[in-house]
Amino acid sequence: MTAVDDVALPMGLDEAISAEDGRQLLTREEADVSADTVAALHSAGAALAEAGDAAGAEDLLDWEAHARALVSWRKVLGQAPSSQAALTALVADVAPDDRFFDLGVEMAESALADYARARSAPAPEPAAAAEALEWANTQAGILRVLAAQTADPGHQARAAYAGGLALISPSTQAEPDGEPRDEGQAAEAGTLFRQCADAESAPARLRFESLRYLAWIAGPGQPDEVAGYQAAAEALLAAAPKPDLPALRAVRGDRARRAAERGDDAEVLRLHELNLADTEHELRTARAVSYAEKITRGCEPDYAGAIGACLRLTDSTDSTDSTDSTDARSARILELAEAGKARAFAHALATQAGAGVNSPFLVRRRDRIEAERQRLGDLIRQLPSAAAEGSRRRMSLLRDALADNAERLLAGDAGSRDPGLIEPRTADEIRALVPAGGALLSYHWSPGRLVICVVREDGLAGRPVTADIPADDRAGDRVARAAVLLNVAIRGRGDDVSPDAIVRLAGERGERAEELWPEQFQHYLYEQLIAPVADRIAGRGPLVISPHGPLRDVPFHTLLDRDGSALVDRHAIAYTDGALALAACRQRRRTALVTCFAAATAPADPADEAAAAETTAAEAAAADGAVGEVAVVASAFGAEPEPEPAAAVLGEGASADVVHLRLDDETLTPERIAATPFAASLVTLSACQVAPVDADRVVTAAAMNGLVEAFMRAGVPLVAATLWPLPGQVAVPFCAAFYAALTTAAAATTGDGGTPAEALRAAQRELKSDSRFSHPYYWAPFTLWGDATAPLSEE
């Protein structure tokens, strides 16, 4: 037994990452589960309840019930009643309840999973498969006998499900191999599944699974019968107190595919919209950010499916709809495209959780999960990709367990939420976010298809533009592939990356060397992403780019038209993670530019002599560049650079109007930032590293995105961040130009240059005009996220 503070848990259950994980551990070790285990769990649960830890007590009492069912199940397996009287006595002794029968079903399902693995292994194991199937049938038979004895409809339904599953499994395993199914067994299984599906006292999961198997038994030759089973399954799930969103998405997705085959796009749209509505309903009650991420995971096919249905309805040649209806569908496409972007992040911007429940048990579990995630993350980085697959699966389980645990820690917590920011924006509300004289470009990407909506101050500029993108064997399509290669090509420009090094890099990646120079990708992506709507933004001022999917890392401002002009030559450009995020930033708009906090971290601890001795000349130059960068930023505001940003930025830095950080500090985590209220109008994140020539990023794309989002969650309406590290050669001149333009614009009362987007454009063009720095590696790393088109002020 292992002590957890004052509570002792048996069998290593203190290491369980969730209630389900604990049940599985008990089942795996069922031979060691005894009456003593049950008693220990009961005692521990009572102790936690007495201490006020209701959440921890809930898990322990659940494990107690599971352990008791395991003991009873083993007792039943160990006896073979020879008479009705003996059977009656056994049932009276065991007192099988719903939990007992649920366990029996799980045991049968586990045996059938073993059967499937043995049968489909690269080297099939017929003997093991036959043994597992026989064991599943034995357990289903035991359930059937005991259910007849208890005469409980719920027990009988569970037994029927287990029996049907054992009967149908050989056929479901045979079908992928092209073998005919046993129609007699299928018919018999169908009778059992119908018994379970019709039993209102049966668990919803088993009724749902029974309906799915009934649809499979009916087969494609009975489309109406299949549709009836699917509709019943959907209704069953939707009526549950807490719907199973992944299961609902799956059954509605299947129904939508069948509707698309019939050409019924109105039904396709209805089904996908239902899934999205259920997702929004769940988000309204979610508190934890990680739990919101779990809710929204997997809903992208519904956004894509709904957008596709809207497009087909809009473009239908035989449509008799009015112009108003067509315009309404175009508006709906825009709304769907924007609603699906960074949905969990938008939820986090609108939600501030409070103290939550008092559960030391769940806090300890959270800490254990986070420690295990860190350990596995380090391991995965060291292992070859194939060898790390098992660790990745474990990481996925840990992620979900952490999300569920976080939500339970906040259960019943009123917290605070801005209802105006939690709801998806309408087309009119999105139009209100368009900068004066400018346009918002909303992109939606799905493999093989691109949709672009242009929104101006007067509304949508025509119907959405769509393009079919050729597939690519290494990415979703050629646009996604070009987006990756453009970044590789630009980052490969680092000082020590010579043409020969580029050729070597090309060989390692299996690419042609010329594919690692950026111009062709800049031209290609312009033709795909900008040219189709160029007439709609011609003569316009600032552009707000709302990217999606792989377009999230595309530096749109670098894209080249046929004449070789970059997009930034004609437009000031800002980026947003969707209309909800932009609305939050607009609501939190601040314009003051008076005080400044600027800081950089050193490449090594000066007290560490060994580290200092190993510092190379290139590293020292990079450090000098960082010092010069923050010095020039601080001087623009009459301030002094700060030496220790990790400590000070969360203190005095939180009250500054402008925060500029040259980052090389792993202690400044997104979690710490998000928990600190910031008063800044602008935060600039200049990614830095101490490796030579900035060839590899210390701050990865995921980490940088995490920091951008963390500062926005902390209340910052505008974040400037680098897509790749700011090269040391241009750090000082670029920052001097950017902040000079920014402060000059803020001091002006009139003119077109009064916004951060215009200030960044001016700095980029100034650097770009210098032949030494005309490559985008030097002038283009910075992007502005949030409300970048609002004028700033020195007052």
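Do the conditions hold for VAL455, that is, is it touching a His at 6+ places or on another chain (Cβ under 8 Å), modelled with pLDDT of 95 or more, hydrophobic (A, V, I, L, M, F, W, C) and closer than 30 Å to GLU429 by Cα?
Numbers: touching a His at 6+ places or on another chain (Cβ under 8 Å): no; modelled with pLDDT of 95 or more: yes; hydrophobic (A, V, I, L, M, F, W, C): yes; closer than 30 Å to GLU429 by Cα: yes.
No; evaluated as a whole, the condition is false for this residue.
The set of residues in segment 75-90 being open to solvent by less than 60 Å² (accessible area, probe 1.4 Å) and in contact (Cβ under 8 Å) with a residue 60 or more places away in the chain consists of VAL76, LEU87. Number of residues in segment 359-400 that are within 18 Å of LEU60 (Cβ to Cβ), touching an Asp or Glu at 6+ places or on another chain (Cβ under 7 Å) and not hydroxyl-bearing (Ser, Thr, Tyr) equals 3. State yes or no: is ARG158 of a type in the set (Lys, Arg), at pLDDT 95 or above, open to solvent by 50 Å² or more (accessible area, probe 1.4 Å) and assigned to a helix (DSSP H, G or I)? Considered against the rule, which asks whether it is of a type in the set (Lys, Arg), at pLDDT 95 or above, open to solvent by 50 Å² or more (accessible area, probe 1.4 Å) and assigned to a helix (DSSP H, G or I), ARG158 comes out as no.
So which residues in segment 162-178 are closer than 15 Å to ILE217 by Cα and either open to solvent by 20 Å² or more (accessible area, probe 1.4 Å) or assigned to a loop (DSSP other than H, G, I, E, B) (or both)? Selection gives LEU167, PRO170, THR172, GLN173, GLU175, PRO176. Taken over segment 219-239, the criterion of being open to solvent by less than 30 Å² (accessible area, probe 1.4 Å) and within 18 Å of LEU276 (Cβ to Cβ) is satisfied by GLU234, LEU237.
Only one of the numbered conditions (1) at pLDDT below 90; (2) open to solvent by less than 10 Å² (accessible area, probe 1.4 Å); (3) assigned to a helix (DSSP H, G or I); (4) among the small types (Gly, Ala, Ser) is not met by ALA702, and that is (2).
Pairing each residue of segment 333-357 that is within 12 Å of TYR303 (Cβ to Cβ) with any residue that is open to solvent by 30 Å² or more (accessible area, probe 1.4 Å) and modelled with pLDDT of 90 or more, provided the two are 6+ apart or on different chains, yields C-beta distances under 6 Å for ALA339/PRO424. Among the residues of segment 129-164, just one is within 38 Å of the chain's Cα centre (by Cα) and among the basic types (Lys, Arg), namely ARG158.
Got a sec? Which strands (runs of 3 or more DSSP E) wholly within segment 433-478 have at least 1 residues that are of a type in the set (Lys, Arg) and open to solvent by 10 Å² or more (accessible area, probe 1.4 Å)?
Numbers: elements: 439-446, 449-456, 465-468.
The strands (runs of 3 or more DSSP E) meeting that bar are 449-456.
Among the residues of segment 10-54, the ones that are of a type in the set (A, V, I, L, M), over 21 Å from GLU106 (Cα atoms) and surrounded by 21 or more Cβ atoms within 10 Å (Cβ to Cβ) come to 4 in all. The helices (runs of 4 or more DSSP H) located wholly in segment 1-116 that include 3 or more residues which are under 28 Å from LEU133 (Cα atoms), touching a Leu at 6+ places or on another chain (Cβ under 6 Å) and at pLDDT 95 or above occupy 54-77.
Checked across segment 272-289, the condition of being among the hydrophobic types (A, V, I, L, M, F, W, C), outside any loop (DSSP other than H, G, I, E, B), closer than 30 Å to ALA355 by Cβ and open to solvent by 30 Å² or more (accessible area, probe 1.4 Å) holds for at least one residue. Within segment 348-380, take every residue that is under 21 Å from the mean Cα position of the chain (by Cα) and more than 23 Å from GLU15 (Cα to Cα) and give me the one that is modelled with the lowest pLDDT. Checking each candidate, the answer is ALA353. Would you mind stating whether ASP569 is within 25 Å of THR743 (Cα to Cα), modelled with pLDDT of 95 or more and either within 32 Å of the chain's Cα centre (by Cα) or surrounded by 14 or more Cβ atoms within 10 Å (Cβ to Cβ) (or both)? Yes, satisfied.
The values are calculated or read from the model by the stated rules, or taken from the named source; none is laboratory data. Quick caveat, the model's predicted, so the values are computed rather than measured. Here the Cβ is made from the backbone with ideal geometry for all residues, glycine too, and neighbour counts use every protein chain on show. Side chains included, ligands, DNA and RNA excluded: accessible areas come from the protein's heavy atoms. Shrake-Rupley method; radii C 1.70, N 1.55, O 1.52, S 1.80 Å.
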